[in-house]
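Please read the structure below before turning to the comments.
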Amino acid sequence: MKIVVDWDRCEANAVCVRAAPEVFRVDDDDRLHLLVTDVPSELRAKVESAVRACPRSALSLEES
């Protein structure tokens, strides 16, 4: 699975960081960064939770 970010919708409010800090990071300038793009199986549940929790629906997953 691959993480897709709709950068126009993302507000970098860090909900995803709280759900999966191994995958998402928000920098000091309030910009989201993906630490991985292809989701390893051991992090899939956390990433799916982050996608569901995103208040702006800016995250999605697609088959890689």
If you take the beta carbon distance between residue 25 and residue 56 as r and set R0 to 30 Å, what does 1/(1 + (r/R0)^6) give as a FRET efficiency, to the nearest 0.05? 0.95
Just to confirm, what accessible area per residue do you get for region 9-56 at 1.4 Å probe, in whole Å²? 63
Heavy-atom accessible surface of the chain: percent carbon and sulfur, 1.4 Å: 44
Options (1) -0.53, -1.05, -1.10; (2) -0.37, -1.27, -1.37; (3) -0.43, -1.29, -1.36 - which one matches log10 I(q)/I(0) by the Debye sum over Cα atoms at q = 0.15, 0.27, 0.28 Å⁻¹ as calculated here: (2)
What's the magnitude of the charge dipole for the chain around its Cα centre, counting Lys and Arg as +1 and Asp and Glu as -1 at the beta-carbon? Answer in Debye, nearest 20. 240
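The values are calculated or read from the model by the stated rules, or taken from the named source; none is laboratory data. Being a predicted model, the structure only gives us computed values, none of them experimental. Please note: Cβ atoms are built from the backbone with ideal geometry, for glycine as well, and neighbour counts cover all protein chains shown. Calculation scope for accessible area: heavy atoms of the full protein, side chains included, ligands and nucleic acids excluded. Shrake-Rupley method; radii C 1.70, N 1.55, O 1.52, S 1.80 Å.
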